[in-house]
Amino acid sequence: MIRRLLLVLCLLAMPIAAQTQEQPQGTIAVADSAPQDAAIANRIRDILSELEGFDGVTVSVSSGIVTLRGTTVDTTTATRLNDLVGRVEGVVAIENNVTETTDVVARLNPAVERFQTRIAQGIALLPLAAVALAVFALVLVAGLLIARMSYPWDRIAPNAFIANIYRQIVRMVFFVSGLVIALDILGATALLGTILGAAGIVGLAIGFAVRDTVENFIASIMLSIRQPFRPNDTVEIEGDIGNVIRLTSRATILLSFDGNHIRIPNATVFKSRIVNYSTHHERRFDFQIGVASDADLAAVTHIAENVVAGLDFVLSEPAPMTWIDRIGDGAVILTVTGWIDQRATSLVRAKGEALRLVKNAIEAEGIEVPDTTYRIQMIGGTPAAAMTQDVPRAANIAPVTPLPASEVEDTSKVALDRLVQAERSDDENPDLLTEDAPKE
């Protein structure tokens, strides 16, 4: 109830307050003077005649109360009358009956006059504008010439991509500088803040719209400055393995071992785990082999290490190693490792050859390499003893000759290198990778 009462009182007070603000303030004289009313009316008419937009307004004064009638171009002009009239001495109250005119010609005339005034001002500013334009052009041309120079941009930049970014920054700086100087000559430097503010809003909107493109562009800059790989390096990125063809401003191009192109966005490359297999020439291969659980594991380990160490393509340092990995289903699993020079030896062929020789060497010593496949044997008809002969395992093993080193050369790498070089020789596709850039 109290809230409603307060609301009613506020609503009743609002017109009173508005009327108080619109009406003159001060003490009202007791005497009524017709000459004073006439003087007030004449004074108001003189004031309105000097101002634009009040030609259709009439003034009458009685007992200090000013009555205004007629029309104005717009409501704002009519409202200004209260301000003007209230400041005249002797005005007691104001009756403003002025309305907005509906005459099309009367409303268009001020706009036409303003337009003509601006044309005249523009013509008067033409010489100054020509000077400002000439200064802007000189500054811009100077910036373009400096940006086109090879020195110092190509010297201080790690690659051509970063050098072009430096040139773009120089062009932008000179453009903004020329614009500021030209606006200062015209006396319109305040306009520059509006232009830059609008450009900032537009740039922010565009940035959100092409966020992925901007992210790739920034990642390209970072990757080109601190290169995690070189051309033709074998790398693994996000599970994709291949040789690096090129780094562009948007993506990293790989050539898989199957000869397929793999295009990975630079933003993904920059944030991903990268495995570079070409950083070091030495590379380790490993494989697992199972032996019977009753075998002499120390002897098996010694046999595997000696076989791998005796291969021509295996490096003596780091030395091959063998260890017991785990006990599996019906077998003890050993892990065998060896190191090769991957520039001359194929990793997969070296691993396969080492596995073949180790298996044969173990079986030649009468040690069983269990088959991991389960078999079901049906007993009947033929006695079980006749189906399983007690023949030494080594009697069935033929002598094994290791392959020469030339047989395990990485011939596929030669073919891949040729494909990568052919791809990189394409001048139409720029590459951001350089040999001189620092490498992570």
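Being surrounded by 12 or more Cβ atoms within 10 Å (Cβ to Cβ) and either farther than 12 Å from LEU186 by Cβ or free of Cβ contacts under 8 Å to residues at least 24 places away in the same chain (or both) is the filter here; which residues of region 135-147 pass it?
Residues satisfying the conditions are ALA137, LEU138, VAL139, LEU140, VAL141, ALA142, GLY143, LEU144, ILE146, ALA147.
Please find, among SER249, SER220, SER224, the residue that is part of a helix (DSSP H, G or I), in contact with a Pro (Cβ under 9 Å, 6 or more places away or on another chain) and either in contact (Cβ under 8 Å) with a residue 40 or more places away in the chain or over 30 Å from VAL173 (Cβ atoms) (or both).
The conditions single out SER224.
Within region 100-110, identify whether any single residue is assigned to a strand (DSSP E or B) and surrounded by 15 or more Cβ atoms within 10 Å (Cβ to Cβ), and answer yes or no.
No, there is no match, as no residue in region 100-110 is assigned to a strand (DSSP E or B) and surrounded by 15 or more Cβ atoms within 10 Å (Cβ to Cβ).
I'm told ALA188 meets every condition in (1) assigned to a helix (DSSP H, G or I); (2) at pLDDT below 80 except one. Can you identify the failing condition by its number?
ALA188 satisfies all of (1) assigned to a helix (DSSP H, G or I); (2) at pLDDT below 80 except (1).
Of everything in region 260-286, what is in contact (Cβ under 8 Å) with a residue 60 or more places away in the chain and crowded, with 17+ Cβ neighbours inside 10 Å? Give them in sequence order.
Correct list: ARG283, PHE285.
Show the residue pairs meeting these rules: Cβ distance below 9 Å; 6+ apart or different chains; first residue within region 414-440 and at positive phi; second residue modelled with pLDDT of 65 or more and surrounded by 14 or more Cβ atoms within 10 Å (Cβ to Cβ).
none
Could you pull out the residue among THR411, THR345, THR373 that is modelled with pLDDT under 85, closer than 28 Å to PHE313 by Cβ and of a type in the set (S, T, N, Q)?
Checking each option against the conditions leaves just THR411.
For every residue, the table says whether it meets (1) of a type in the set (Val, Ile, Thr); (2) assigned to a strand (DSSP E or B); (3) surrounded by 17 or more Cβ atoms within 10 Å (Cβ to Cβ); (4) touching a residue at least 24 places away in the same chain (Cβ under 8 Å).
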residue	(1), (2), (3), (4)
ARG326	no, yes, no, no
ILE340	yes, yes, yes, yes
ARG343	no, no, no, yes
LYS351	no, no, yes, yes
ARG356	no, no, no, yes
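Could you tell me how many of the residues in region 49-89 are in a strand (DSSP E or B), hydroxyl-bearing (Ser, Thr, Tyr) and surrounded by fewer than 18 Cβ atoms within 10 Å (Cβ to Cβ)?
Selection size over region 49-89: 5.
How do the pairs read when you match residues in region 49-64 that are in the same structural domain as LEU84 (by TED's automatic domain parsing) with residues anywhere that are of a type in the set (Ser, Thr, Tyr) and in a loop (DSSP other than H, G, I, E, B), using Cβ under 7 Å and keeping only pairs 6 or more apart or on different chains?
Pairs that qualify, where the first residue is in the same structural domain as LEU84 (by TED's automatic domain parsing) and the partner is of a type in the set (Ser, Thr, Tyr) and in a loop (DSSP other than H, G, I, E, B), are GLY56/THR101.
The values are calculated or read from the model by the stated rules, or taken from the named source; none is laboratory data. These numbers were taken from a predicted model, which means no experiment stands behind them. With ideal geometry, Cβ positions are generated from the backbone for all residues, glycine too; neighbour counts draw on all protein chains shown.
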